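Okay, structure first, notes after.
The values are calculated or read from the model by the stated rules, or taken from the named source; none is laboratory data. Being a predicted model, the structure only gives us computed values, none of them experimental. Methodologically, a virtual Cβ is constructed for each residue, glycine included, from the backbone with ideal geometry; neighbour enumeration extends over all protein chains shown. Note: areas computed on protein heavy atoms with side chains; ligands, DNA, RNA excluded. Shrake-Rupley method; radii C 1.70, N 1.55, O 1.52, S 1.80 Å.
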Amino acid sequence: MDTILPPELVAAARKVLDANRAAGRRVAVAESCTGGLVSAALTEIPGSSDVFDAGFVTYSNEAKHDVLKVGSDVLETFGSVSIAVAWSMARGALERTHADVAVAITGIAGPDGGSEKKPVGTVVFAQAMRGADPDHIVADARHFENNGRAGVRLQAALCALELLMPGASAPEADVESP
């Protein structure tokens, strides 16, 4: 297949599309640190439009707020790399599309921007399902190996694709306290 993307990413996207097509589900993605990589992988597959509804790249806090309606108070209290923000991004993507499931990704790909509490390689994921209890937060923070910006982004994109598989879920999370 003619592609500029890593073969493992395209293979994972194909599995997601095939599984969701079989399940009759449409998917959406809200991306920050992956910068559209998940959306690019899904649209790399011909015929993906029957499963992939929309992708949002909301890199800045302003875009997260303006496009996905992540609350300013949530961004200020928890920071952009947090379960609360990822969950708000996933819910926002679901509310703005016809998708049955949405996954959000926000993190620190590097090489700079990390801290002691949130080092480079920290990525937070959230999954929202249409019709699910909005108080049932499905999210997870991961710490990927800091093998360069591209490596962190690839690991994050692969993880996000796993969360789009029917039956997949991240551990249920408690929203952080300030």
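Structure notes:
- One residue from Thr77, Thr43, Thr106, Thr97 being hydroxyl-bearing (Ser, Thr, Tyr) and open to solvent by less than 10 Å² (accessible area, probe 1.4 Å): Thr106
- Close pairs from the range 57-74: first more than 11 Å from Thr106 (Cβ to Cβ), partner surrounded by fewer than 16 Cβ atoms within 10 Å (Cβ to Cβ) and among the polar types (S, T, N, Q), Cβ under 6 Å, at least 6 apart: His65/Ser72
- Counting only helices (runs of 4 or more DSSP H) that fall entirely inside the range 1-110 and contain at least 2 residues that are among the hydroxyl-bearing types (Ser, Thr, Tyr) and more than 16 Å from Arg153 (Cα to Cα), the qualifying elements are 72-78.
- Filter result for Ala11 (closer than 13 Å to Ala102 by Cβ, free of Cβ contacts under 8 Å to residues at least 60 places away in the same chain and open to solvent by less than 70 Å² (accessible area, probe 1.4 Å)): no
- Filter pass, Gly114 being surrounded by fewer than 20 Cβ atoms within 10 Å (Cβ to Cβ) and at positive phi: no
- Answer residue from the range 48-59, given it is open to solvent by less than 50 Å² (accessible area, probe 1.4 Å) and among the small types (Gly, Ala, Ser) and is nearest to the chain's Cα centre (by Cα) among those: Gly55
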